[in-house]
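Scroll down for the structure; my scribbles are underneath it.
The values are calculated or read from the model by the stated rules, or taken from the named source; none is laboratory data. Here the structure is a predicted model, which is why all the values come from computation and not from measurement. All Cβ positions, even for glycine, are placed from backbone atoms using ideal geometry, and neighbour counts span all protein chains on display. Ligands, DNA and RNA are stripped out before the accessible areas are found, and what is left, the full protein with its side chains, is counted by its heavy atoms. Shrake-Rupley method; radii C 1.70, N 1.55, O 1.52, S 1.80 Å.
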Amino acid sequence: MHVNNLKSSFILLLGLLTQISLFSQKDLLGIASPIQLQYGENTIDLEDYFISSQVLSVTSDAALEFKLSKDDNLLSIEINEPMTQRLSKVHVVTNTGSCDILVKSPEKKKVDLILQDRNYTSVQIKGEMNSWNPANTIVEKEEGKWVTSLQLNPGKYQYKYIVDDQEINDPTNVDSVSNGIGGFNSVLTIKGGDPSLIPMLSTVSFDDQSIAIKSSQPFTRSYCFCDNQLLSTESSERNIVLPLNNTIQIKEKALIRCFAENEEGTSNNLIIPLLNGKVVTNGEQLDRHDYRSQIMYFTLIDRFFNGDTSIDQPVDDSRLKPLTNYMGGDLEGITQKIESGYFDSLHINSLWLSPITQNPYTAYQEYIEPQYFYSGYHGYWPISSSKVDFRFGDDASLKRLVDVAHKHDINILLDYVTNHVHEEHPLYKAHPEYATNLILEDGSRNLRIWDAQRLTTWFDTFMPSLDFENEEVIDVQVDSTIYWLKKFELDGYRHDATKHIPRAFWEALTKKLKTDVCVPEGRTVYQIGETYGSRELISSYISSGMLDAQFDFNLYFDAREVFAKDDQSFERLWSSFEESLSYYGHHSTMGNITGNHDQARFVTLASGDVRFDEDLKMAGFTREVSVTNDVGYDKHRMLIGFVMSIPGVPVIYYGDEIAMAGAGDPDSRRMMRFDQLKEQEQKTKTLTQQLTKLRREEMPLLYGTTELIDVSKDHLVFKRSYFGKICYLVFNKSAQASEITIDTQEKLQSKLHQSTIQLNTNNLIKLPGYSFDILTNY
């Protein structure tokens, strides 16, 4: 490939770029996450970025007021009014080198919500703007009105008023959306710049010396980095040329990152992977350590495969139902499935294992109605922090699993429970003071108060949450977490109940992972968290000093609504998707799930065999749930197609590759089936294998720029492009066959053979009802 003539005079400058001072791998691990500023005082702990260096100086190319405390490497930046630059950078010099970190200015806007008083005694508000916690937001009564003053990023926010203890929608706002359980929430829309005028960066071409990038709109400022070093570039208002010089080529692996802005807003972030100084052109060049090329698979160990019947030992208690007791799945069963090639056939390169620590030997009764009895088959009730549950195997079986997985180029991510322990855990028995209070000051029990008591609430009466305000608790739990990674050479963690643990713990854990594992052992560790809440809350746990990613539940819930319900519009889904991009970036490693062990199986919601507005848990206990409408399978396959096509890490919940049925937990946790698949199940598995193969191989699906082509109630068309290669994703959620035109004169071909293409001036795509396809120009 060849870049345009813009580079001709620029090549003469390449020799000047070899003096860049680089940090060694031991000083700065990975990519320095951008600093997102907020209004007020911002404190940045530079030790989140640098392992053992002393920061000597910090300079900026923007009018930032900042102070550097060299004693503790703290950088303070105060923002009191909107900045003229949306993007800037700080240059950090330490005793071992220097680096550049992107800085993003606040985008929040002031908005007042007003509710007319009608002799109300109290008014509160809860929604996505305050993590659904009324205590986080002040509502003041002013001259016959209740006023809520907020500062919010552009986007959409679901919310409700609580008026005299009754939840109501905003009577002054006609915009609402289904809440997924039979009701509706009001929706507040905060507008940003004109999307059609905001720069969209995309790759154009490359050769041995440089890379060419274009912008859809003129930009006023741009920043390009090779890993953590700012690159000198030549640019016009719509073009950027980057050098591929000796400095870049000295690293085996590197990432080019580009950002731009104009008066309307900030561009997408562009990422280009390099291997030995060359642009990566095929996904097969990327291994399991490239987290953006992951396809993750979640195995609930007890429900996956029984590989060693000699260790089967369900709890002997007649009060347990079959779905609440152990079913025999174990570590050896997963190992055997790796060896058999099952995961290779799905092109999986990351396995997420449910918790493996020892759980109770007896059954416990859930405190909420109908107070069923459960065993700890799921692994989330630890009575030990260092012992493998004997029903799953032992140390040797875990080591064997990890060794076999690595031979198949598969990461092993361990689901680890840090927030709480079971009451039989020695830690709680020895130190009951390590737990938060079960009884609140008003005498009520602090049970499952997910938002108002987010950092202290207990999950059940026999499961104490730990008090992470106590530094001893942080130290103990950090050491317990790292124990597994060091002993068994695991590749990372899925962290349970992330939002219920203060950020101080995640900072301490990540710092010690770097100093005790990553640096001395020369390896990386991927950490993904579980948080149900607003995107602002979710993103607050993602940075260089904390987690790499979290699961994008907000996007999943919108996708579930849109793909399952005929009356929901693709416009809702795309709006949600764009909001995720604005918070997490266009090339994040956020987890995009096909389903979840805490939710009803999507296929049974889509088929109508369970209803969104019923008690999904009770549905599984009171009737046999199956898929009786084949449309559910069609919709399920569309959801998988969407998950495999968008930026982020696709996450397959075990059984979703065959569209297993199930109501709510625990019915959504049935034993996995590998044989005697129904026709629709086999069809789903075959299509999933096609999709995962494309995802692993096609660079547009891994690192391509994402652009909307067309969206309506029933049709969605978007493209992902990478150096001239384009994948078009075309969805039709109507029950009827549809014709969709893609305005390009390039000849397109179907990768999935789900549609027919009529070539004329444009490409006329004919899609059956409830279907999708991936079309390429190559």
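Of the residues 247, 203, which is modelled with pLDDT of 95 or more and out of contact with any His (no Cβ under 7 Å at 6 or more places or on another chain)? I'd like the intermediate steps shown before the answer.
Values: 247 fails: modelled with pLDDT of 95 or more.
Going through 247, 203 in turn, the sole match is 203.
Among all positions in the range 484-491, there is at least one residue which is at pLDDT 95 or above, touching a strand residue (DSSP E or B) at 6+ places or on another chain (Cβ under 6 Å) and not in a helix (DSSP H, G or I).
Of all residues in the range 217-239, those being part of a strand (DSSP E or B), within 22 Å of residue 273 (Cβ to Cβ), in contact (Cβ under 8 Å) with a residue 60 or more places away in the chain and in contact with a Phe, Trp or Tyr (Cβ under 8 Å, 6 or more places away or on another chain) number 2. Total residues in the range 489-506 satisfying the condition of being farther than 15 Å from residue 382 by Cα and crowded, with 18+ Cβ neighbours inside 10 Å: the figure is 11.
Determine which member of the set 736, 680, 749, 758 is closer than 30 Å to residue 305 by Cα and either of a type in the set (A, V, I, L, M, F, W, C) or open to solvent by 20 Å² or more (accessible area, probe 1.4 Å) (or both).
Working: 736 fails: closer than 30 Å to residue 305 by Cα; 749 fails: closer than 30 Å to residue 305 by Cα; 758 fails: closer than 30 Å to residue 305 by Cα.
Unique residue meeting the criteria: 680.
Given the criteria assigned to a loop (DSSP other than H, G, I, E, B), more than 26 Å from residue 735 (Cα to Cα), small (Gly, Ala, Ser) and open to solvent by 10 Å² or more (accessible area, probe 1.4 Å), does residue 588 qualify? Don't jump to the end; show me each part of the working.
Values: assigned to a loop (DSSP other than H, G, I, E, B): yes; more than 26 Å from residue 735 (Cα to Cα): yes; small (Gly, Ala, Ser): yes; open to solvent by 10 Å² or more (accessible area, probe 1.4 Å): yes.
Yes.
If the condition is being farther than 24 Å from residue 705 by Cα and assigned to a loop (DSSP other than H, G, I, E, B), then the range 756-778 contributes 760, 761, 768, 769, 770. Here residue 128 meets the list (1) of a type in the set (D, E, K, R); (2) at pLDDT 95 or above; (3) touching a Phe, Trp or Tyr at 6+ places or on another chain (Cβ under 8 Å); (4) under 28 Å from residue 664 (Cα atoms) almost entirely, failing just condition (2).
Condition check ((1) touching a Leu at 6+ places or on another chain (Cβ under 6 Å); (2) among the polar types (S, T, N, Q); (3) open to solvent by 40 Å² or more (accessible area, probe 1.4 Å)) across all residues:
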| residue | (1), (2), (3) |
| --- | --- |
| 636 | no, no, no |
| 645 | yes, yes, no |
| 652 | no, no, no |
| 666 | yes, no, no |
| 688 | no, yes, no |
| 695 | yes, no, no |
| 705 | no, yes, no |
| 708 | no, no, yes |
| 726 | no, no, no |
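For residue 131, indicate whether it is closer than 13 Å to residue 159 by Cα and either under 28 Å from the mean Cα position of the chain (by Cα) or among the aliphatic types (A, V, I, L, M) (or both). In short, yes.
Taking the condition of being of a type in the set (Ser, Thr, Tyr), more than 23 Å from residue 751 (Cα to Cα) and assigned to a loop (DSSP other than H, G, I, E, B), how many residues in the range 624-674 meet it? Full working, then the answer.
Narrowing the range 624-674 to residues of a type in the set (Ser, Thr, Tyr): 626, 628, 633, 645, 653-654, 668.
Of the ones still in play, those that are also more than 23 Å from residue 751 (Cα to Cα) are 626, 628, 653-654, 668.
Those still in the list that are assigned to a loop (DSSP other than H, G, I, E, B) too: 626, 628, 654.
Residues flagged as of a type in the set (Ser, Thr, Tyr), more than 23 Å from residue 751 (Cα to Cα) and assigned to a loop (DSSP other than H, G, I, E, B) within the range 624-674 amount to 3.
Scanning the range 352-378 for residues that are more than 16 Å from residue 464 (Cα to Cα) and not in a loop (DSSP other than H, G, I, E, B) yields 352, 353, 357, 373, 374. Here the condition is being open to solvent by less than 20 Å² (accessible area, probe 1.4 Å), in contact with a His (Cβ under 7 Å, 6 or more places away or on another chain) and not in a strand (DSSP E or B); of 348, 334, 338, it holds for 338 alone.
Scan the range 550-571 and give yes if some residue there is within 30 Å of residue 73 (Cα to Cα), modelled with pLDDT of 95 or more and in contact with a strand residue (DSSP E or B) (Cβ under 6 Å, 6 or more places away or on another chain), otherwise no. Even if it seems obvious, please write down each step before you answer.
Going residue by residue through the range 550-571, those that are within 30 Å of residue 73 (Cα to Cα) are 550.
Applying the additional criterion that residues be modelled with pLDDT of 95 or more yields 550.
If we keep only those that are in contact with a strand residue (DSSP E or B) (Cβ under 6 Å, 6 or more places away or on another chain) as well, we get 550.
Yes, the range 550-571 contains a residue that is within 30 Å of residue 73 (Cα to Cα), modelled with pLDDT of 95 or more and in contact with a strand residue (DSSP E or B) (Cβ under 6 Å, 6 or more places away or on another chain).
Identify all residues within the range 70-97 that are of a type in the set (S, T, N, Q) and either at pLDDT 95 or above or open to solvent by less than 40 Å² (accessible area, probe 1.4 Å) (or both); write none if there are none. Listed by number, the residues that qualify are 73, 76, 85, 88, 94. Kindly indicate whether residue 192 is in contact with a strand residue (DSSP E or B) (Cβ under 9 Å, 6 or more places away or on another chain), closer than 23 Å to residue 587 by Cα and either surrounded by 13 or more Cβ atoms within 10 Å (Cβ to Cβ) or not aliphatic (A, V, I, L, M) (or both). So residue 192 fits the description; yes.
From the list 270, 231, pick out the single residue that is closer than 20 Å to residue 90 by Cα and in contact with a Lys or Arg (Cβ under 9 Å, 6 or more places away or on another chain). Spell out how you get there, then give the answer.
On the way: 231 fails: in contact with a Lys or Arg (Cβ under 9 Å, 6 or more places away or on another chain).
Only one candidate qualifies: 270.
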